[in-house]
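**Student:** Attaching a single structure in structure tokens format; questions to follow.
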DNA sequence: CCTTGACCTTCCCATCATGGGAAGCCCCAT
DNA sequence: ATGGGGCTTCCCATGATGGGAAGGTCAAGG
């Protein structure tokens, strides 16, 4: 039950490029190799790759994922640690959302006041130019 | 009424590093120089720098800002072009917000189901591991 | 007049996660 | 044995930003 990097990529949704990168940066341990140097992945490796993929989909950074992986592998972990990490990340996401929200609202307000026709007068440019 | 790059940075809120970078990449035209090679900025340059700063604060990319600057300088522009750019960017922001929202909600749901005490059982890790 | 310290110049490097591509080796099927 | 596809490593690029080194410049004060 061992596959090459291409099959691992297809099975996990992580590109072969990224799998090598994760190995290079230490997020994942070095993969086993065939005699000719090909990387080889077993069931546990695929499991870890899918874990990483899922965590990336939830917006965790590689550093956070390293922590999550360590907790995942530690059967003695306290769930409080995981929850803490997750909630800290949620705080991060919420903060970014608030920033983007503020930008979007500002622009929507400006755009609403811009007639958007062939004339050059434009409250959006006026605002950017500081003439607000 | 001409200032050096440091003063321009302070006056515009754009770091000296970034001012040089904007010049290097062509977002802003080459600055005038003193005989000894120092960059020199006049009132119009400061105005443009503040424009760029403000646009960055609203989340526009450098490519979009290049377009906005061109429209700003073009007195024959159609406000529709500006509005189009702005609304396209709003669409971008809204899409990113939706993605982050989805991540945050997923994580909040998982965290809510995690008791977060000293025990190892953790729905968050279970979900990441695909045991959801 | 010379020193000092603050400022400027260019150049290189790092971030973070990701992709592109080249040169060369390997494996399998025809 | 040949061809095609997959693997290896290595280098480069992204976008916007900061850090820092090595060296030139300027203004103020001794």
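**Student:** Assuming residue A:76 fulfils every condition listed in (1) in contact with a helix residue (DSSP H, G or I) (Cβ under 6 Å, 6 or more places away or on another chain); (2) within 30 Å of residue B:117 (Cα to Cα) apart from one, which condition is it?
**Tutor:** If we test residue A:76 against (1) in contact with a helix residue (DSSP H, G or I) (Cβ under 6 Å, 6 or more places away or on another chain); (2) within 30 Å of residue B:117 (Cα to Cα), just (1) comes out false.
**Student:** Continuing with the same structure: Exactly one of (1) under 30 Å from residue B:127 (Cβ atoms); (2) in contact with a helix residue (DSSP H, G or I) (Cβ under 9 Å, 6 or more places away or on another chain) is unmet by residue B:11. Its number?
**Tutor:** It is condition (1) that residue B:11 fails.
**Student:** If I filter the range B:24-61 down to residues being surrounded by fewer than 15 Cβ atoms within 10 Å (Cβ to Cβ) and within 17 Å of residue B:85 (Cα to Cα), which single residue comes out as farthest from DNA strand C (Cβ to nearest atom)?
**Tutor:** Once the filter is applied, the top-ranked residue is B:57.
**Student:** While we're on this one: Please state which one of B:56, B:39 is in contact with a strand residue (DSSP E or B) (Cβ under 9 Å, 6 or more places away or on another chain) and modelled with pLDDT of 95 or more.
**Tutor:** Testing whether each residue is in contact with a strand residue (DSSP E or B) (Cβ under 9 Å, 6 or more places away or on another chain) and modelled with pLDDT of 95 or more leaves just B:39.
**Student:** Could I ask something else about it? Give me the residue from the range B:62-80 that is more than 9 Å from chain A (Cβ to nearest Cβ) and more than 13 Å from residue B:22 (Cβ to Cβ) and, out of that set, surrounded by the most Cβ atoms within 10 Å (Cβ to Cβ).
**Tutor:** Among those residues, the one meeting the criterion is B:64.
**Student:** Counting just the residues of the range A:81-132 that are out of contact with any helix residue (DSSP H, G or I) (no Cβ under 7 Å at 6 or more places or on another chain) and farther than 24 Å from residue B:111 by Cα, which one comes out nearest to the other protein chains (Cβ to nearest Cβ)?
**Tutor:** The extreme case among them is A:106.
**Student:** Output yes when any residue across the range A:94-112 is within 16 Å of DNA strand C (Cβ to nearest atom) and either farther than 18 Å from residue B:101 by Cβ or outside the structural domain of residue A:25 (by TED's automatic domain parsing) (or both), and no when none is.
**Tutor:** The answer is yes; a qualifying residue exists.
**Student:** Shifting gears a bit: Quickly run through the range A:43-79 and pick out the residues that are within 14 Å of DNA strand D (Cβ to nearest atom) and more than 20 Å from residue B:105 (Cβ to Cβ).
**Tutor:** Of everything in the range A:43-79, those that are within 14 Å of DNA strand D (Cβ to nearest atom) and more than 20 Å from residue B:105 (Cβ to Cβ) turn out to be A:45, A:46, A:49, A:62.
**Student:** OK, next. Residues in the range A:24-37: is at least one assigned to a helix (DSSP H, G or I) and at the interface with another protein chain (Cβ under 9 Å from one of its Cβ atoms)?
**Tutor:** The answer is no; no qualifying residue exists.
**Student:** For the range B:1-23, how many residues are part of a loop (DSSP other than H, G, I, E, B), within 14 Å of another protein chain (Cβ to nearest Cβ) and within 13 Å of DNA strand C (Cβ to nearest atom)? Let's see the steps before the verdict.
**Tutor:** So in the range B:1-23, the residues part of a loop (DSSP other than H, G, I, E, B) come out as B:1-2, B:4, B:13-15.
Those left that are additionally within 14 Å of another protein chain (Cβ to nearest Cβ): B:13-14.
Okay, now just the ones that are also within 13 Å of DNA strand C (Cβ to nearest atom), so B:14.
Of the residues in that region, 1 qualify.
**Student:** If you check residue B:21 against the conditions, is it surrounded by 14 or more Cβ atoms within 10 Å (Cβ to Cβ), more than 22 Å from residue A:132 (Cβ to Cβ) and more than 14 Å from DNA strand D (Cβ to nearest atom)?
**Tutor:** no
The values are calculated or read from the model by the stated rules, or taken from the named source; none is laboratory data. On a predicted model such as this, the values are computed, not experimentally measured, just so you know. Reconstructed Cβ throughout: ideal geometry from the backbone, glycine too, with neighbour counts over all protein chains shown.
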